[in-house]
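Notes follow once the structure below has been shown.
Since every read-out is calculated from the coordinates, none of them should be taken as a lab result. On a predicted model such as this, the values are computed, not experimentally measured, just so you know. Note: ideal-geometry Cβ built from the backbone for every residue, glycine included; neighbour counts use all protein chains shown.
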Amino acid sequence: MENLANQKYWDGIFKHSEYEIVPKSNFIRIWIEHYFPVIQNKSCLEIGCYPDRFLAVFGERGYELYGIDLCEQLDPMQAAMKSKGNKIGHFWKSDFTSFKPDQQFDVVASFGFIEHYVNWPDILRQHIVLVKPKGSLIIETPNFVGGFQRWFHSTFCKASFDRHYLPSIDTHAWEKILIENGFDIVFSGFFGKFHFWYEEEERNLWNKLMLILFRIIKKILTHVLSEGKKFYAPFCGVVARRIQ
């Protein structure tokens with residue numbers, strides 16, 4: 001399966017990362033907490049789990065944590081998570097495209113994962129088979145298809161933008177596959193207030209000046225614009241529950 005973001009890229013992105021839960025103001029954390037209550041004796045698997053920013057939210061809510069990633073730092077990450085009082089299951093250093101564990105999970109999650117794959121429907125179906133009966137699936141990707149977000153990232157962060165396969169960022173297509181496989185849709189769409197981010201790369205002077213202006217504008221628009229609009233919301237996602 002063609003992956004537009006190889007492991008060398010991820011190792012570079014996360015080489016200075018620490019194993020810290022995202023802050024309470026994080027849009028994805030707020031989204032998770034809205035749909036997943038504090039609970040006991042349930043398991044959560046994150047696909048592409050390093051460096052633990054979102055899996056830790058489930059740990060804080062009482063889930064036993066599992067993960068899969070190709071990153072070399074899985075062992076120290078697992079130790080750090082355990083030291084913070086999380087219930088730890090198993091972490092696999094493995095390529096997800098060939099991942100076949102001998103168990104299913106109450107929650108299967110991925111954040112910023114499937115949109116890097118050209119053959120994303122197969123990746124989604126591999127998520128699905130890991131969900132227990134009456135279990136849940138939560139998938140998030142950045143919104144690179146809304147008008148403002150697509151323009152912003154293709155203009156100011158082209159290298160990162162090109163690592164994303166835009167046809168995969170389609171919640172209606174996700175819904176269709178999930179419903180065909182026996183899931184009810186709990187949430188599907190775009191979420192978060194006006195927001196954007198960008199990675200370090202070479203930019204001309206004009207683009208550098210424009211980014212300064214956008215950082216100023218963002219402080220205003222974040223408080224003025226309503227949430228969850230496709231044109232400018234930073235994220236899209238789906239929460240679905242297996243019927244039986």
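Which one, 209, 55, 74, has the greatest fluctuation when you compute a Gaussian network model over the chain with C-alpha springs under 10 angstrom? Looking only at 209, 55, 74, the largest GNM fluctuation is found for 209. The stretch between residue 102 and residue 79, if pulled fully straight at 0.36 nm per residue, gains 6.0 nm over its current Cα-Cα span. Could you list, bin by bin from short to long, the percent of Cα-Cα pairs of region 23-118 in 5 Å steps? The calculated distribution, bin by bin, is 2, 13, 26, 25, 21, 10, 2, 0. The distance between label points at residue 26 and residue 40 comes to 2.7 nm (points 7 Å beyond Cα on the Cα→Cβ vector).
Give, rounded to the nearest 20 debye, the magnitude of the charge dipole that the chain has about its Cα centre when Lys and Arg contribute +1 at Cβ and Asp and Glu contribute -1 at Cβ.
Working: 29 positive and 28 negative charges, 150 e Å.
Dipole magnitude for the chain comes out near 720 debye.
Within the straight-line cut-off of under 27 Å between alpha carbons, the lysines reachable from residue 158 are 8, 15, 193, 208, 218, 219, 229, 230, sequence neighbours fewer than 8 places apart in one chain being disregarded. Taking the chain as a Gaussian network of alpha-carbon nodes connected by springs under 10 Å, the highest mean-square fluctuation of the residues 143, 181, 204 belongs to 204.
Applying a 10 Å radius around every beta-carbon, put 99-106, 65-72, 86-93 in order of their mean neighbour count, most first.
Numbers: 99-106: 13.2, 65-72: 20.5, 86-93: 16.6.
My ranking of the peptides, most packed first, is 65-72, 86-93, 99-106.
What separates the Cα centres of region 61-75 and region 175-190 is a distance of 25 Å. Among the lysines of region 31-149, pairs that are 8 or more positions apart or on different chains and have alpha carbons within less than 15 Å of each other number 4. When +1 charges are put on Lys and Arg Cβ atoms and -1 charges on Asp and Glu Cβ atoms, the dipole computed for region 13-112 relative to its Cα centre reaches about 220 debye. Highest average first, the peptides 44-53, 170-179, 30-39 ordered by how many other beta carbon atoms sit within 10 Å of their residues are 44-53, 170-179, 30-39.
Taking every DSSP beta bridge with both residues inside the chain, roughly what % is antiparallel (nearest 5)?
Details: 16 of 36 bridges.
Bridges in the chain that DSSP calls antiparallel: roughly 45 percent.
Region 21-36 and region 136-150 have Cα centres spaced 16 Å apart. Computed per residue of the chain from DSSP H runs no shorter than four, each worth -39500 (n - 2.57), the mean residue ellipticity at 222 nm is -10000 deg cm²/dmol. Under the criterion of Cα pairs below 8 Å and six or more residues apart, the relative contact order for region 87-244 equals 32 percent. Ranking 226, 144, 172 by how far each Cα lies toward the positive end of the dipole of the chain (charges on Cβ) leaves 226 at the top.
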